[in-house]
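See below for the structure under consideration.
Each reported figure results from applying straightforward, stated rules to the coordinates on display, with no laboratory input. Source: prediction; values computed, not measured. All Cβ positions, even for glycine, are placed from backbone atoms using ideal geometry, and neighbour counts span all protein chains on display.
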Amino acid sequence: MIKTITKVGNCQGLIFDAALLQLARLKVGDQVNVEVHPGGTITIVPVERESIDEKSAAKDAKRLIKKNSELFRRLS
């Protein structure tokens, strides 16, 4: 995913759209650890990951399977 550094007030920043935040399981106000590695690679890691309980994971899996049942049938 390519992002452009933009001006935010007196600073520069990256804008994370809703889809990117959802994929990373981040939300506004979450703390992240930012590391710069040799060669200029930057990693952003959540300080505390929210754990997913089994009931929630099962519910999401069932919803995904139901939503994509035809696709799964064709792939099998």
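Any residue in segment 3-25 that's without any contact (Cβ under 8 Å) to a residue 12 or more places away in the chain and at negative phi: show its pairings with residues that are surrounded by 10 or more Cβ atoms within 10 Å (Cβ to Cβ) and of a type in the set (D, E) at Cβ separation under 9 Å, as long as the two are six or more apart or on different chains.
L21/D30
Could you please find all residues in segment 7-49 being surrounded by fewer than 10 Cβ atoms within 10 Å (Cβ to Cβ) and of a type in the set (V, I, T)?
Answer for segment 7-49, where residues must be surrounded by fewer than 10 Cβ atoms within 10 Å (Cβ to Cβ) and of a type in the set (V, I, T): V28, V34, V36, T41, I42, V47.
Can you report the number of residues in segment 51-69 which are part of a loop (DSSP other than H, G, I, E, B) and exposed (fewer than 10 other Cβ atoms within 10 Å of the Cβ)? Give the derivation first.
Within segment 51-69, the first condition is being part of a loop (DSSP other than H, G, I, E, B), and the residues that meet it are 51-53, 68.
Subset that is exposed (fewer than 10 other Cβ atoms within 10 Å of the Cβ): 51, 53.
Selection size over segment 51-69: 2.
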